[in-house]
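Input: one structure, supplied below.
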Amino acid sequence: MCGVIGYVGDAEAAPIIVKALRNLEYRGYDSAGIATLAFGRVWAEKDIGKLDQVCQTHQLDSLPGSTGIGHVRWATHGEVTPVNAHPHFDCKREIAVAHNGIIENYQELRTRLEHNHLFVSQTDTEVIPHLLEEFVDAGASLEEAVLKTTKLLRGSYAIVAVSLKDPGKVVASRKDSPLVVGRNDGKNFVSSDVLAFLEQTNRVAYLEDGETVVLTKDIVFLDAEGRQLQKEFREVDWKCDEATRQGYEFFMMKEIMEEPHAIRCAAMQDKRLLLEMAIGILRSRQVVLTACGTSRYAALVGRYLFSRLGGKFCDVIMASEFQYFSDSIDRNTLVIAISQSGETADVIEGVKRARANGATIYSLVNTVGSTLARMSERVLYLNCGPEIGVAATKTFMSQLTLLYMLAFTMANQMDEGLAKILDICPKIEKCFSKNSKKIWGLAQRTKGSNDFYYIARGINFAIAAEGALKMKEISYVHAEGMPAGELKHGTLALIDKGTPVVVICPKDYTYEETIANAHETKARGAFLIGVSEAANPIFDDWIEVPSVEEIFQPLVTVVPLQLLAYYSAVARDRDPDKPRNLAKSVTVK
Ligand code: M6R
């Protein structure tokens with residue numbers, strides 16, 4: 001999703017901003033641009049396409065000046081065109097603005113401004129520089145203008161702005177879209193993502209909704225009324241080399257390979273915190289897990305674990321639908337929100353409403369200091385380092401690990417649970433070495449198939465759904481994951497000669513029934529790919545997974561499915577790290 005960066009410092013701004021934008025590329029974008037201040041003018045270049053291409057065509061990093069802003073855009077309002085790329089300008093091109101989020105009342109504001117302002121784009125953002133212009137022309141400083149402008153905006157925003165009348169200054173403000181401020185000797189940053197400037201500094205402070213920051217050689221925080229705020233800077237313990245490919249062709253493969261390590265890191269939690277959270281879950285009248293996408297599939301596994309190990313039933317509600325259940329969320333409800341980024345707009349919105357109804361919020365988050373983490377009474381961090389590939393892989397494993405740890409703690413078996421989880425890691429490592437070549441062959445063999453089905457029962461149902469999501473997301477192949485028993489209630493009609501059906505069927509109490517469902521597809525000509533510790537003559541191809549205790553199966557069955565999606569993407573010449581139309585951090589609803 002869009003990324004913004006603002007910089008003020010001793011060094012030339014443009015190369016630093018371009019590097020920051022490069023670090024934001026992983027979020028997904030379709031155009032890029034920057035603006036700097038120097039020699040009494042705003043210098044700006046922007047265009048559609050990949051950053052390298054925009055840089056080459058427009059020599060972005062040679063723009064002069066030591067103050068500037070930058071943006072990578074993921075289109076929401078207005079097509080992907082050069083003029084819709086950010087930054088946007090006022091009429092005199094003295095103010096430049098980059099924005100993440102959606103201004104819901106932009107039509108109304110634009111209609112009001114249009115009689116004496118010249119609009120050139122179709123974006124919602126463009127109203128912002130024109131509003132700033134009105135206030136600056138009336139004598140306001142840039143920060144005063146930002147404070148006044150934000151009072152007129154409805155919707156979500158993370159804005160960064162520069163103005164010729166305030167050289168050496170970047171002003172940024174947020175509502176429902178993240179902004180983090182970084183400080184280093186002589187270099188100050190503000191961005192939607194700490195990874196943008198992590199090479200320069202890991203000392204950060206977070207803006208809350210309604211707050212504004214003024215970057216000059218100093219950093220001043222303001223509340224919505226313009227009163228100064230004191231904020232503590234803290235250190236983020238992510239290392240910048242964690243955000244490099246380290247010899248792998250794609251981040252996604254590197255991140256899959258990091259899974260055993262990620263599990264070990266996630267398992268090492270503060271025992272007291274785990275205990276408090278487990279007690280909180282057991283004592284709550286109702287527990288709701290909420291999340292989106294892959295995080296929601298982790299929640300579905302969690303629901304099973306809480307019931308199986310902790311004897312506690314809980315529900316899983318898709319975050320984008322959560323608000324519609326507000327009527328039954330109250331102070332007796334515990335909400336466990338799961339989000340890698342901690343910034344997913346649907347999750348944040350659901351949690352906000354639940355909080356307003358008095359619910360208690362726990363969260364499982366990877367990004368320290370993210371909005372969700374700050375909204376939660378208790379947080380367990382995944383501790384697996386940044387995940388750059390848009391497809392969630394190692395963070396899924398870390399989320400599962402935290403859910404196992406909570407469930408074992410609910411059952412008063414924290415230490416045993418920990419030992420068992422750590423025992424799985426070498427088995428996953430073996431699974432990579434044993435299966436990679438075979439799965440690559442399978443990806444080649446199924447290259448012409450445009451529909452995949454994934455079936456499983458019990459705890460593995462969520463893994464079938466996750467396997468299908470991975471396949472869709474990065475290979476652009478239609479895929480569906482479902483409980484094996486559901487097939488004959490409709491989907492079976494789609495099974496045809498050669499249709500790949502992935503059957504996840506560990507040798508447990510679900511085995512016989514799942515195999516029976518697989519037979520139903522085989523009878524219609526399906527090409528069966530078995531994922532199991534045991535071979536079965538009906539499989540056309542068999543991916544062997546290590547034999548583990550039944551509740552741990554998701555940790556081993558998901559690995560070949562991630563690899564199958566990855567190799568299928570590569571075999572079809574797709575970039576698995578940056579799937580089309582998708583973003584790493586989905587900060588709009
Ligand atoms: O950051 P989050 O965990 O809240 O993200 C939720 C989903 O957008 C995310 O899991 C998405 O489904 C993944 N890209 C799937 O691989």
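The values are calculated or read from the model by the stated rules, or taken from the named source; none is laboratory data. Since this is a predicted model, take the numbers as computed values, not measurements. Ideal geometry is used to build each Cβ from the backbone, glycine not excepted, and the neighbour counts take in all protein chains shown. The area values use the complete protein model at the heavy-atom level, side chains included, leaving out ligands, DNA and RNA. Shrake-Rupley method; radii C 1.70, N 1.55, O 1.52, S 1.80 Å.
With the other protein chains left in place, how much accessible area per residue, in square angstrom, belongs to segment 185-224 at a 1.4 angstrom probe?
Here the residues of segment 185-224 average 32 Å² of exposed surface.
With all protein chains present, how much of the accessible area of segment 118-232 (probe radius 1.4 Å) comes from carbon and sulfur, to the nearest whole percent?
The C+S portion of the solvent-accessible surface of segment 118-232 is 46 percent.
Using r as the Cβ-Cβ distance of Arg245 and Asn450, and R0 as 25 Å, what FRET efficiency do you calculate, to the nearest 0.05?
So the FRET efficiency works out to roughly 0.25.
DSSP loop trypsin sites (Lys or Arg not before Pro) in segment 267-349 with at most 16 other Cβ atoms within 10 Å of their Cβ, which ones?
Within segment 267-349, the qualifying trypsin sites (Lys or Arg not before Pro) (loop, at most 16 other Cβ atoms within 10 Å) are Arg285, Arg331.
Treating only the Cβ of Lys, Arg, Asp and Glu as charged (+1, +1, -1, -1), what charge dipole size does segment 123-193 show about its Cα centre? Round to the nearest 20 debye.
Taking the Cα centre of segment 123-193 as origin, the dipole is about 240 debye.
For the pair Thr111 and Asn184, what calculated FRET efficiency results from E = 1/(1 + (r/R0)^6), where r is the Cβ-Cβ distance and R0 = 35 Å, to the nearest 0.05?
Working from the Cβ atoms, E equals 0.20.
For Lys394, what is the net charge nearby, where nearby means another residue's Cβ is under 12 Å from its Cβ and Lys, Arg count +1, Asp, Glu -1?
-3
Return the carbon/sulfur percentage of the accessible area of segment 1-92, one whole number, probe 1.4 Å, all protein chains in place.
Its accessible area is 53 percent carbon and sulfur atoms.
Run the accessible area of segment 524-575 with a 1.4 Å probe and give the carbon-and-sulfur part as a rounded percent.
44
Please enumerate, by chain and number, the lysines with C-alpha under 24 Å from the C-alpha of Lys312, excluding those fewer than 8 residues away in the same chain.
Correct list for Lys312: Lys271, Lys420.
Below 8 Å, C-alpha to C-alpha, sequence gap of six or more: please give me the relative contact order for segment 261-571 in percent.
Reported as a whole number, the value is 17 percent.
Please sort by residue number the trypsin sites (Lys or Arg not before Pro) in segment 1-101 whose DSSP state is loop and whose Cβ has at most 16 other Cβ atoms within 10 Å.
Lys50, Lys92, Arg93
Considering Cα pairs under 8 angstrom that are at least six residues apart, work out the relative contact order of segment 432-529 and quote it in whole percent.
Computed value for segment 432-529: 29 percent relative contact order.
Shifting gears a bit: Of the cross-linked pairs Lys187/Lys239; Lys92/Lys187; Lys175/Lys584; Lys427/Lys488; Lys148/Lys584; Lys50/Lys470, which ones have a Cα-Cα span greater than 26 Å in the structure shown?
From the list (Lys187/Lys239; Lys92/Lys187; Lys175/Lys584; Lys427/Lys488; Lys148/Lys584; Lys50/Lys470), the Cα-Cα distance tops 26 Å for Lys92/Lys187; Lys427/Lys488; Lys148/Lys584.
Then there is this: Which value in nm describes the separation of the simple spin-label points at Ser328 and Arg580, placed 7 Å from the Cα toward the beta carbon?
Placing both labels 7 Å along Cα→Cβ, they lie 4.1 nm apart.
How large is the helix-only mean residue ellipticity at 222 nm for the chain, computed as the sum of -39500 (n - 2.57) over DSSP H runs with n ≥ 4, divided by its residue count, in deg cm²/dmol to the nearest 500?
Taken over the chain, the calculation gives -11500 deg cm²/dmol.
Next question, about the same structure. May I ask you to order 345-358, 417-430 by the average number of other C-beta atoms within 10 Å around their residues, highest value first?
Descending packing order for the listed peptides: 345-358, 417-430.
Please report the base-10 log of the normalised intensity I(q)/I(0) for the chain, using a Debye sum with one equal scatterer per alpha carbon and no solvent, at each q in 0.07 (1/Å).
For the requested q values the scattering log ratios are -0.44.
Now, a different point. If you stretched the chain out fully between Arg572 and Asp237, how much longer would it get, using 0.36 nm times the residue separation minus the C-alpha to C-alpha distance?
So the chain would gain 116.9 nm between Arg572 and Asp237.
Give me the Kirkwood hydrodynamic radius of segment 380-441 in Å, from all C-alpha pairs, to one decimal place?
Result for segment 380-441, one decimal place: 13.4 Å.
Out of all DSSP beta bridges in the chain, what portion is antiparallel? Express it as a percent rounded to 5.
Given both bridge residues lie in the chain, the antiparallel proportion sits at roughly 60 percent.
Using a 1.4 Å probe, what is the accessible area per residue for segment 261-571, in Å²?
Value returned for segment 261-571: 35 Å² of accessible area per residue.
Would you mind getting the accessible area per residue of segment 60-176, heavy atoms of the protein chains only, 1.4 Å probe, in Å²?
Result: 36 Å² of accessible area for each residue.
Please state the shape class of segment 3-242: rounded when a/c is under 1.5, otherwise prolate if a/b exceeds b/c and oblate if not, all from the C-alpha gyration tensor.
rounded
Under a point spin-label approximation (7 Å from Cα along Cα-to-Cβ), what is the Val120-Ser307 distance to one decimal in nm?
Rounded to a tenth, the inter-label distance reads 5.8 nm.
Once you have the Cα-Cα distance between Thr57 and Leu492, take 0.36 nm times their residue separation minus that, and quote the gain in nm to one decimal.
Length gained, Thr57 through Leu492: 151.5 nm.
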